[in-house]
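The values are calculated or read from the model by the stated rules, or taken from the named source; none is laboratory data. What you are looking at is a predicted structure, and each value in this text was computed from that prediction instead of being measured. In this analysis, Cβ positions are derived from the backbone assuming ideal geometry, glycine residues included, and neighbour counts consider all displayed protein chains.
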Amino acid sequence: MSDSSGSLAPARVTLINPPSAPGTLANREGAAGMGVVYPAGERFLYPPHTLATVAAALRQAGYSVQLLDLVVSPHDEAALQADVICVLVSWATLQNDLDYIAALRAQTSARILALGSSLRFIAAQVAEGCPADAVLVGEAEGCCVEAVEYVRTNPSDSPRILTNHILRAANCDGDGWTADLAALPFPAWDLVPTSRYPLLSVFASKGCPDGCLYCPYSAAQGHRSRVRSIDSVVDEVAWLAHTFAPERVVFRDPVFAYQRERVVGFCERLIHSRISLRWECESRPEHFDAELLQLMQRAGCTWVKIGLETTDPTVLAGLQRIGSLGQAGDYLRHAAQVVESCQRLGLGCRLFVLSGLPGQDSAAARHTADWVSAVRPTALNVKALELYPGTLEASAPADTEQQMAILLAARAEIMAAQRPRGLISRARSWLRQLRRRMAR
């Protein structure tokens, strides 16, 4: 392809986050890219980190790149004039995404590549269910350049399901995991309508070495913890603060504090560099302690999230959230200590619990609700167990709805009690942050 001067023009690539199905809000980045679907009107939404990073990698390789985030922005007909169109697909939004690709095929002659972390489990279903030219299996960030070039230059009768055994991308292993996260460019947030999101996201690591049978993060990212260098993460946070000044940054690592010394080094670097940015993270309860939480707060952390899931020892052990029944007491004590430390420091602490866990009944849900009500976290998220591909196979207990009602009642109680205390706590936290900034 040549431009008007006769020189070779860069290949054009358009990346698309498809629109939500009517009456819903599609959060394709949720659940490690497996996707989450909310009712229309829900306000929480992760920005399309996968597409933003793919865009940066393609742009770095010389492609002309556009990004359409149709979940929050209108359609742009001109963006379909591309050589390759990459469409983000998730398991939770699968039928809507297949229908979108079918409609897209009728509007453009561009080659279409489906991508997304859940495609390692549903690639054949996607290939059979829509007219995409190819389906990428693996983490697209690490092999998107090779995948786009393959789709752009190979004939239509080439293999449609692309693994790294075909692509041979240098920064992906044989299973499609990105080998070196630090080698990825920072996401191209300039192509994303960031004003429509309350946050931007960062991955300091991917993967989780624990074996929780229900967890989509282990399924989508693997059981090996792949970490970036502290320098790389600090550089990205500084770049975000200076370039985009987001309201807050959310670290999407499933176990942010798995390696305590890395978190200490990261926080000390942030403090030393005088980077002012509000951030939050998630990890297992035993990964946090009072001293670490205090250091994190000094470095700008405002919220921590921990997955409690349930207080039932048998269920915890059966789902491999803990190694044995005997570890349940320590697990719950750690969780209570994290909540107490956060209360004392003025940090937000959000607990996550699940209804419908295999082996859990209404009595166990009641025990979990009573325990959570007693420790009083800043916030409580209640979800029904979603059986994602690559996780356990089980049937929902007959009383799942009753469990949900019990846990939601505890959430309402916590929310009512937190309103005055939460305002005071947040005011104190903001005052401490202001004093630190003034001291700098």
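Structure notes:
- Counting the residues of the stretch 311-350 that are of a type in the set (Asp, Glu) and touching a residue at least 40 places away in the same chain (Cβ under 8 Å) gives 2.
- Top-ranked residue of the stretch 382-405 - restricted to ones that are touching a residue at least 60 places away in the same chain (Cβ under 8 Å) and not β-branched (Val, Ile, Thr), ranked as farthest from GLY138 (Cα to Cα): LEU385
- Any hit, the stretch 130-150, residues being surrounded by fewer than 23 Cβ atoms within 10 Å (Cβ to Cβ), in contact (Cβ under 8 Å) with a residue 40 or more places away in the chain and within 25 Å of ALA219 (Cβ to Cβ): no
- Unique residue being modelled with pLDDT under 95, on the phi > 0 side of the Ramachandran plot and out of contact with any Gly (no Cβ under 6 Å at 6 or more places or on another chain) when the list is GLY23, GLY62, GLY35, GLY41: GLY41
- Selection within the stretch 140-181 - over 15 Å from THR50 (Cβ atoms), of a type outside the set (A, V, I, L, M, F, W, C) and part of a helix (DSSP H, G or I): GLU146, GLU149, TYR150, ARG152, THR153, ASN164, HIS165
- LEU351 being at pLDDT 95 or above, more than 19 Å from ALA328 (Cα to Cα) and in the same structural domain as GLY329 (by TED's automatic domain parsing): no
- Residue that is nearest to ALA134 (Cα to Cα) [pool: residues in the stretch 165-178 that are buried (at least 19 other Cβ atoms within 10 Å of the Cβ) and within 23 Å of the chain's Cα centre (by Cα)]: GLY176
Residues are listed down the side, and each one gets a yes or a no for (1) closer than 21 Å to SER90 by Cα; (2) touching a helix residue (DSSP H, G or I) at 6+ places or on another chain (Cβ under 7 Å); (3) modelled with pLDDT of 95 or more; (4) among the hydrophobic types (A, V, I, L, M, F, W, C):
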| position | (1), (2), (3), (4) |
| --- | --- |
| CYS130 | yes, yes, yes, yes |
| VAL148 | yes, yes, yes, yes |
| SER158 | no, no, no, no |
| ALA183 | no, no, yes, yes |
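- Some residue of the stretch 338-346 being assigned to a helix (DSSP H, G or I), among the charged types (D, E, K, R), closer than 30 Å to VAL249 by Cβ and assigned by TED's automatic domain parsing to the domain that holds ALA220: yes
- Those residues of the stretch 391-440 which are loosely packed, with under 15 Cβ neighbours inside 10 Å, at pLDDT 80 or above and charged (D, E, K, R), in sequence order: GLU393, GLU401
- Only one of the listed residues (LEU181, LEU191) is in contact (Cβ under 8 Å) with a residue 24 or more places away in the chain, under 30 Å from ARG278 (Cβ atoms) and over 17 Å from the mean Cα position of the chain (by Cα). That residue is LEU191.
- Of all residues in the stretch 203-239, those being assigned to a loop (DSSP other than H, G, I, E, B) and of a type in the set (Gly, Ala, Ser) number 6.
- Taking each residue of the stretch 289-303 that is on the phi > 0 side of the Ramachandran plot and looking for partners that are not basic (Lys, Arg) with beta-carbon atoms closer than 7 Å, six or more apart or interchain, yields GLY300/LEU270; GLY300/SER276; GLY300/LEU277; GLY300/TRP279.
- Residue check, SER90 crowded, with 24+ Cβ neighbours inside 10 Å, among the small types (Gly, Ala, Ser) and either modelled with pLDDT of 95 or more or farther than 29 Å from GLU386 by Cα (or both): yes
- Search result, residues across the stretch 369-401 that are assigned to a loop (DSSP other than H, G, I, E, B) and of a type in the set (Asp, Glu): GLU386, GLU393, ASP399
- Tally of residues being assigned to a strand (DSSP E or B) and either among the charged types (D, E, K, R) or outside the structural domain of TYR100 (by TED's automatic domain parsing) (or both) across the stretch 64-90: 1
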